[in-house]
Every structure is written in C-alpha cells, then in structure tokens.
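Just so you know, all these numbers are worked out from the coordinates, no wet-lab data involved. If you're wondering where the values come from, they're calculated on a predicted model, not measured in any experiment. Using ideal geometry, Cβ is built from the backbone for each residue, glycine included, and neighbour counts are taken over all protein chains shown.
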Amino acid sequence: MENIKFNKQHLKIAPSRRAFLIINTSLLVLFAFVCLVPFLNLLATSLSSNDAVNAGAVGFLPVGITGTAYKILMSKTEFFRAFGYSVLRVVTGTVLSLVVITLGAYPLSKTSSVFRGRGFYVVFFTVTMFFSGGLVPTYIIITRLHLNNTIFALILPTAMNAWNMVLLINFFRQVPKELEEAAKIEGAGHYRVLVQIVLPVSLPAIATVVLFTAVQHWNAWFDGTIYMQPAKLPLQSYIYNMINEANTLRQNLTSSPEDQALLATLPTKTLESAQIFIAMLPIMLVYPFAQKFFIKGLVLGSVKE
Amino acid sequence: MKKIISLACAFLLALTFVGTLAGCNYKKDYTYKPINRGTLREPEVEFKTAAEDPEQNAKFREKYPTLKKYEQPVKVTVGAIQYQLESDVKSGTTPMNQSFNKIARDVLNIEIEYTVVSVSTGYDQKLNLAISANQMPDMFYTTQPEMFTMLRDTKMLADLTDSLYMLNDNLLDNYLTYMPELLEACMEDSKLYALPQQSNKYASAQRLYIRKDWLDIVGMQAPTTIDEMIAVGEAFAKPENKAKIAEKTGVAASKLVPLSMHKDITYAGSYSAEGMFNAHGASVGSYFKGEDGQLYSSNTSPEARAAIETMRTMYEKGILDNEFSNITSADVQSYVSAGQIGMVFGEWWLPKDALGTCVKSYGAKGADWTWVDLPSYKGNESLPIVDTTLISGYNLVSKNCRNPEAVAKLINLFYDIYYNDNAEQMYGSGVLPSNGFYYQFVPVKVWDGMASAAEYHRVQTVFNELYEGGLNSRELLSGGLSEDLTNAQIAEYEAGGGRLYKISASEKGFYCLNRQVVEKINSEPALKEAFDTMRNREKILHFAQGYPYFVAYKQGISIDKMTTAEREGWGIYHEMIDENGSYAYVVDLSEGKKKAKYDEFYGVALSAMTDKGGYLADQTGIYYARIITGTSGMSAFDEFISVYNRNGGDVILKQVNEWYAAEHASEN
C-alpha cells in the first residue's frame, strides 16, 4: 500500500508540465483538425445539392444531401479509364523501379575492394539526384524513342530513383556478411544471394521503397500532361486538367456563345469534388497499413551498429 | 599548378561580380521599334464576290479555288485541343476519330495527322515543347499572341497570302472589306504570317443588372444616370426597405447588399468594377486619345478619378458592398445566386449564369432581374469600352509545310459545314454532331460574326413562328421538355420516325424532347418546317429550356405563378432569345445600332508593359481600394498619379505613343 502511494507521488506531474501537456495536446488536436478541414469540405461539397454549392452555403456539413454526384461519377467512363490507367502505372512502374533499384543497390552495397569502380558509380548516380537534363532534352529523348503516348513514357524516366537506391544500399550493408558467405560456400552465385538471402531479410526496406514509388506514381501529374494524349491520361493529370480547365474557363469567361456552350460541358462543383475525393481514397487507405514500414524505412541506416 | 587554378577561379569570380554589377546598372532601351508591315500582295486576278460580279469571280476562282481536291493524297500534321464534348456530340468522339477527318479525306484528299493533342490546359505547353524539340506540326491554331510573334520573328512560319485568297467569298470579303486591320496585325514585310480568327469584341460590353422585384418594392425605376443609381442604392440600403425585401423574398435582411463587385479592381470581367469605370469614361489598363492627339493612360485620368469618387460615395453610404475588398468574382456570383444582391455590373452572359440561378431559387417569391445600358455621368453619354480589334487566335502554318494552301481548304470546308444549313446534303450525315462532328476539334478555326448574328435573329423568329403556329399550350409543355427515357423507349421512338434530341448529358435528366411535343411538331408541316430550320447544335437546347418559359411569359404569367420548369428557362430566354435580351445588346453593338468606346492600344504587350506593368497594376489596385474604402482621402489620387508615372507609367506611355504613331503612320 505504502509502495503504491509512493509510486503515485513519484509520478505526480508538476503543474507546469501539466499545463504544457494540455496546451500541447490541444494545439496538436487543433492542427490535426485543420488538416482535416479541406477533406471535410470536399466530402460535404460532393454530397450536397448543386444549388447549395453555387450559393456558397456548404461548409463542413452537406446541405441538401444527395448522391447525384456519385451516381453520375459511376457512369463517367473517362474517370474510371484514368483510374485504371493510374493503377496500371503504379503496378508496372513500381515493379520495374524495384527491379532496377535492387539490381543497382546490390553491387553498390559491396566494398570497393570487391567491386572496383564502385566510387565512380556512386558519384554517377548521386549526381542524378541533384541535376537533370532539363525538360526539353527529356522530351526530345522520349519522342525520339517513340515512347510518346505509351505507358513507358511515364515509368521509364523515373524507374531509376537514386534516393531510393541509396536507401536500399544502406540496408543491404546491414545484412550480416556471414549469411552471404554461408550461401557462397554452398555454391550460390550473386543472383541467388540477392534473391534468396538479401531480399528476404530486407523486406522492411523493400516495403518502404515500394510505398515511396507507388505514392510517387499515383500522385505524378506533370509527365502525364506532357507525354500522353487525352485518352490515356493517368488519374492525377486528368484531375489537374479538369480543375484547371474549369478555373480558366470560369475566370476568363470570354465572349462568344461558343465559349458559353463549352462552359456547359464542365462538371459541376459537386461532381468535381466527388472525383477528387475518390482519387484520394486509395492512398488514404494504403497509408494506415503501410505506416509501420514507412516509419521503419525513414530511420533506415540512420544508426550504425 | 594549384596556384594557377586558384588564380583562375578568383579571376572568374571577379568577372561574375563585375558582370552582376554591370547588369544592375544596365538601362534598358524602351524605344518602340516599329514592324515594317508593308502592304498585302495583290491577287493576280482582281477579286469580286460572286454576288457582285459572277464572271470576274469565276476568273478569280480559277486562279484561287476554294475546295479543289488534291490529285494525290496530301498529309498534314496538326495540333488540336481535346475539349470536353458538348452534349449533342457522339460520345467517344476525339480529334483523331472525328468525322471531319473523313470528310477532309473524301472531299479534299487531305490526310490529317494529329501530332500534338492535349486537353486545353496543357496544350500551349505541349506545343511549346514540340516546337523546341523541332517537331512543330505543319499547321495549328493558337490563342497566344506571344507564340505567334515568337514564331514570326524566328522565321518559322509560311507566307499565307495565297491561302488568304483561296478562302471562300464570305470570309475573304470579311477580311478585305471589314477587317483589314486584323490582317495587318499578322503581317511583316508584306507577308501574311497567320490567318487570324476574329472574336466579337463587343461581347465584353458591360451593362448594369438590377433586381426588378426590389425596384418594385421601393417603388422606383431602373436608373439611367449615376445620380439615379445612387438614389436607387440608397433606397435599397434603407433598413425599412431591407425589411420589406427580406419579408417578401425570405432572405435575411442583414445579408442584403444594394451593389456588389469583387476585389480585383483592376481586372475587368463579370461582377467587376469595369462597368462603373466605363460609365465614367474610364477603363483600367486602357489608353485613349486625348485632345492633343496623343494617347493617355486611363488609370491616371480624370475619368478614373470621377469613378473612384462615385464608388467612394457609394461605399460611404452603404450602397457598395462594404466587404468588397475581401471577395472574389466567384463569391459575388454565389451571393447573386443566393438572392442577396440588388445590382451588379457585367457582360451579356449573366442571365444564364448567377441571375438565372437566383430566379430559379427565388422566382417563386418574385425574384426577377432587369438590365439597362451603363448609367450616364454628368450628362455625358456612357459607353461600354471595348478593344479596337480583337484577335482571338491565329491559324499558323509551318514554313516547312509542303502544302500551306491546305489550311485555306480546311477552313473553307469547316465553314461550309458549320455555317451552312445544307451541309448535310453537301457532305453527308458526317456533318451532324451525333455522327461525330465537333466544331471544337477541327484543327483550324474561323468565326463569322455576320452569320452568328443572323442566326441569333433566326431563333427569335422561329420561337414566334412556333407560337403563332399553335405550339402554345402550357399544359402540353408542362413538366419541362426533358424526360428520362430508357434506351428501349428511345429506340422505339426513333423507329417510329420521331426525332429525339439529347438535351443534357450532365447532372439532370438524360434525354429528350418530350414525346407529345415532338408529335405535335411533326404533325403540322408549318411547325416542322420552322423547327427544322434551327441548326441542331445548341439551338435545340435553347428550345428545350427556353420555350416553356417563353410560352408562359408570352401569356402574361408572372414569374411567381410559373411552374419550376418554366422558371428554369428564364436565363436562357432573356439571354439568347428575347429581342430585348442581354445578347441582343451585343448584336446591336456589332451591327452598329448602338455605340461603344474603344481602347486604342491592342496587340502584344510592349516591352515596357511586360517589365513594369505588373507592379503598376498592383499599385493601381492598392491606391484605388484605399481611396474607395476611405482609408485615404481623395487627394491620394494625386499621389497615385506621381507614384504611377515615376515607377514606369511615363515610360510605358511613351512607348505606347511611339507604337501608336507607327501603327497609324499610313493614315497621316
């Protein structure tokens, strides 16, 4: 009994500390709420009636609740085509990227005595982290290779991501040498060592790289607008265009009846919001599950044993 | 060795430093360098239209044929913007599979290949990239004057003088007789580097829109002078009147605002201060000719000062929205829709925009709008201020294109399809939007203002004919004209010879003209004849939305007694169909029945404007807002004038006057 009392006293929090905790927690809650605000507004807009949205009456709660926007969205083939194309891009892009990065990271994780010229390659790849050829040369390469309007224009240029490779190099280095040596004694070559020994023990790092790459592919919009024709736009480019087109048309509402007719082809605000919301969903759903890998991945290689 | 390297580095560093300093000191020369436009090369045979002199026209056309088919297939690469489809266009239509391509192949033997295709947002960027990568399409259309001048100055464009003469009579006559200044703007050294698309410069003309039911409540007439406008505003602002309006319309009295506009004072457009400036004879960013023959900047003019003073008075009296410096154009739009605003300035399209939404939502409680020309100031007639010439885009041809005249042939073909009632007989059913023709996808663009105005008059006539012809029963038209039909019903109906029109692919209802209406139209030849003269695209939409309202309106039913569906037609009817509607004003201006005032500067921004204009526009907005809201006194306007001129206003004005002298050199 005495003991417990003592413990309680021992744990008693000083008033200043308590004040700090209260203020800190409320500020963090507030901050989290502020982050949520746009999402709430978007969701409310997508569920409200058009007239209410046009009258500016929608805040965090839907006004005149209706599912029309989502019903129309279901019949909007371009949206789902773009969605499908983005999924295709994420899957092929991530697989390709993973293969290239792993094949690059494995040899570079060896010491210079094993892999001569390693220093050169490290510098070579690091340079690409800071400098690129620029937009026009990249465009020329892509078009000269006739990659325009194919999925390769989106996944090849970003397949080799130096930053992700450095991440993997550092992780591979932490794999105990003994494992590899044992495998070699059993007669395994480099490829077998990589696939059967190194990769299985590096799962957290691989998961992080997969997540990084997938998110990057899902969110990329610029390359889509440059290289792809409208029928093959990935989702984010499609949404970017949709919003920008609406904004420019609404702002410049120029002259002719023709422009006015064009304006009538635009999706309504509610439909716009519904599309943005659906586009956010996959990533929002993936994050909670992938978060543990994510955090682990972020501190990769930060501590040396 | 090391010493040499470090010495070299130090030298380079010093050089950079000196270079930077020199750059700071560099004084840019803003003298305007005139472009030698020259004169347009005459055609080898004198041009007369077929109406003027058929024989001469035949000779001319022998030399410059309009639609002569190539003997061998000719391939041209083009750029195109893939806009959203309008509701009457066959779904799945793209620039690459549109019916225009096939018609061009059959009629002209031209094979169109689309090398730069984008939705409208990324088009310019994509085109720029393709040009930098030396992959410019043979021909394309751009709305960017900067792109045109850049390509012209780098000698990448073909001379289109011959192509110009190959345009059909209407277009060629339009260019040569009515719009020679348009061609001139595209010339250099007697060569024509673009076929410009004109735009209706009068479409931006401002008017004052007023809540009619509010006027009735306060017992006043629509204002014709600024003083009357202030009186109406004061009446709207009185608490007892606000209470009456609130009681009648159900909108809270605290939310009612007599006059609203958005915060961007220097930006013209809907719901802006532009109409107010115009009423006083000013327009931000414009240049007018003074009595001395020199241009002066409207920003610092006495007219602008008068406009600011009026707005200051209105702000003080609670007439002008006291929140205006915080709200955007979209905000005003939503307040108008929500029935909170008594007066706004804007262009012709407001009725179908926010005013229509307002009537739709509050029409049952009497919400109604009226509009007047700009109120006059101190006895001077107030005119809308518009651009002198308005080129909305350029049809360009690469100098590497082997068949530059193909651009004229394509334009002629497009014109035949788009502006001709007999297009279907001439080129087959491919010209119908329902079969994949979409005017926005055609890689060349041209606009015929005369034909557009004629069509506008025609819709009014058809409405009257239909009404007189017996299509005037509110019961028949009740429930609006849209009806959700199943695909089976549509198939059955079309098999029976009925013509169905898809009205809107967007949010509400998917199809079509109400069955009884189509039957009624088809049953009487006079009605059918009148109805079928309306060109398909868009006009059917006008009919479907506007006709029920028109019938009720013609029968003298007041807005609050109409059905919801009838009220929905208010916007489209009073905008595009009504003889006194908002678009009628634009037509009157175009046909010279009403007058406008012109901004004397036009074309690509001058170098001084590019360098100094942004800062000056900001300063203009800041000073204006401070004076209107009473933060500064009226005397701050003098301070503004000196700040404006000191920071580059005088440099710009000098360059503008040099430009003006060069452009009008031939006149003197």
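Of note:
- With neighbours defined as other Cβ atoms within 10 Å of a residue's Cβ, the residues B:ILE230, B:ILE627, A:ILE283 order from fewest to most as A:ILE283, B:ILE230, B:ILE627.
- Along the range B:570-586 the Karplus relation, 6.51 cos²θ - 1.76 cosθ + 1.60 evaluated at θ = phi - 60°, assigns HN-Hα couplings of 3, x, 5, 5, 6, 8, 9, 10, 3, 5, 10, x, 6, 6, 4, 4, 5 Hz to successive residues, with x for each Gly and Pro.
- Antiparallel DSSP beta bridges within the protein assembly as shown, as percent of all bridges there, nearest 5: 60
- When both bridge partners sit in chain B, DSSP labels roughly 60% of those beta bridges antiparallel.
- Normalised convex hull volume, the protein assembly as shown, alpha-carbon set, Å³ per residue: 298
- The value of relative contact order for chain B, using C-alpha pairs under 8 Å at least six residues apart, is 19 percent.
- Net length available on complete extension from B:LYS28 to B:GLN135 is 35.1 nm, with 0.36 nm assigned per residue and the Cα-Cα distance removed.
- The charge dipole of chain B, taken about the Cα centre with unit charges on the Cβ atoms of Lys, Arg (+1) and Asp, Glu (-1), comes to about 1720 debye, rounded to the nearest 20.
- Among the listed pairs B:LYS59/B:LYS445; B:LYS445/B:LYS520; B:LYS212/B:LYS554; B:LYS90/B:LYS409, a Cα-Cα separation exceeding 30 Å is found for B:LYS445/B:LYS520.
- Simple Cβ-charge dipole of the protein assembly as shown, Lys/Arg +1 and Asp/Glu -1, about Cα centre, in debye nearest 20: 5160
- The lysines within cross-link reach of A:LYS184, meaning a Cα-to-Cα straight distance under 25 Å and a gap of 8 or more places when in the same chain, are A:LYS110.
- The H on the amide N of B:SER632, modeled in the peptide plane, is under 5 Å from the matching H of B:ILE627, each at least 5 residues off or on a different chain.
- Ranking A:ALA279, A:VAL175, B:VAL119 by Cα position along the charge dipole of the protein assembly as shown, where only Lys, Arg, Asp and Glu carry charges on their C-beta atoms, puts A:VAL175 farthest toward the positive end.
- Long-range tail of P(r) for the range A:74-298 (Cα pairs > 22 Å, %): 62
- Mean per-residue shielding of peptide B:114-126 is 5, counting Cβ atoms of other chains within 10 Å of each Cβ.
- Extension gain, B:ALA246 to B:GLN125: 0.36 nm times the residue separation minus the Cα-Cα distance gives 38.5 nm.
- Sorted fewest first by neighbouring Cβ atoms within 10 angstrom, B:HIS574, B:HIS457 come out as B:HIS457, B:HIS574.
- Nitroxide proxy distance, nm - points 7 Å out along Cα→Cβ at A:ARG192 and B:GLU55: 10.0
- A:ASN219-B:THR39 pseudo-label distance in nm [points 7 Å out on the Cα-to-Cβ vector]: 6.3
- Residues A:LEU40, B:LEU396, arranged from fewest to most other Cβ atoms within 10 angstrom of their Cβ, appear as A:LEU40, B:LEU396.
- Under 5 Å, built H, 5+ apart or other chain: amide partners of B:LYS399: B:LEU157, B:ALA158
- Which listed pairs, of A:LYS71/B:LYS248; B:LYS48/B:LYS528; A:LYS232/B:LYS360; B:LYS263/B:LYS360; B:LYS201/B:LYS238, have C-alpha distances above 30 Å, in listed order: A:LYS71/B:LYS248; B:LYS48/B:LYS528; A:LYS232/B:LYS360; B:LYS201/B:LYS238
- If you plug the beta carbon distance of B:ASP106 and B:LYS212 into 1/(1 + (r/R0)^6) with R0 = 45 Å, you get a FRET efficiency near 0.25.
- A:ASN244-A:SER113 FRET efficiency (beta carbon distance; Förster radius 56 Å; 0.05 resolution): 0.55
- Hz values of 3J(HN,Hα) by residue in the range A:64-74 - Karplus curve (6.51, -1.76, 1.60), Gly and Pro given as x: x, 3, 8, x, 4, 4, 6, 5, 5, 4, 4
- Across chain B, counting alpha-carbon atoms alone, Rg and Dmax equal 28.5, 102 Å.
- Summarising the label geometry, the points placed 7 Å from Cα in the beta-carbon direction at A:TYR70 and A:VAL123 lie 5.8 nm from one another.
- Between the beta carbons of A:LEU40 and A:HIS146, assuming R0 = 45 Å, the FRET efficiency works out to 0.45 to the nearest 0.05.
- Cα-based reach from B:LYS593 at 19 Å (exclusive), listing aspartates and glutamates while leaving out same-chain residues under 8 positions away: B:GLU347, B:ASP373, B:GLU381, B:ASP387, B:ASP448, B:GLU455, B:GLU575, B:ASP578, B:GLU579
- Listed by chain and number, the lysines whose alpha-carbon sits under 23 Å from that of A:LYS292, ignoring those within fewer than 8 places in the same chain, are A:LYS304.
- Projecting the Cα positions of B:SER398, B:GLY428, B:THR461 onto the charge dipole of chain B (unit charges on Cβ atoms of Lys, Arg, Asp and Glu, taken about the Cα centre) puts B:SER398 furthest along the positive direction.
- Sequence-separation-based contact order of the range B:206-383, relative, with Cα cut under 8 Å and 6+ spacing, percent: 39
- Positive-end extreme of charge dipole, the protein assembly as shown - chosen from A:TYR70, B:PHE324, B:TYR335 (charges on Cβ): A:TYR70
- Think of each Lys and Arg Cβ as +1 and each Asp and Glu Cβ as -1; about the Cα centre, that makes the dipole of the range B:545-668 roughly 280 debye.
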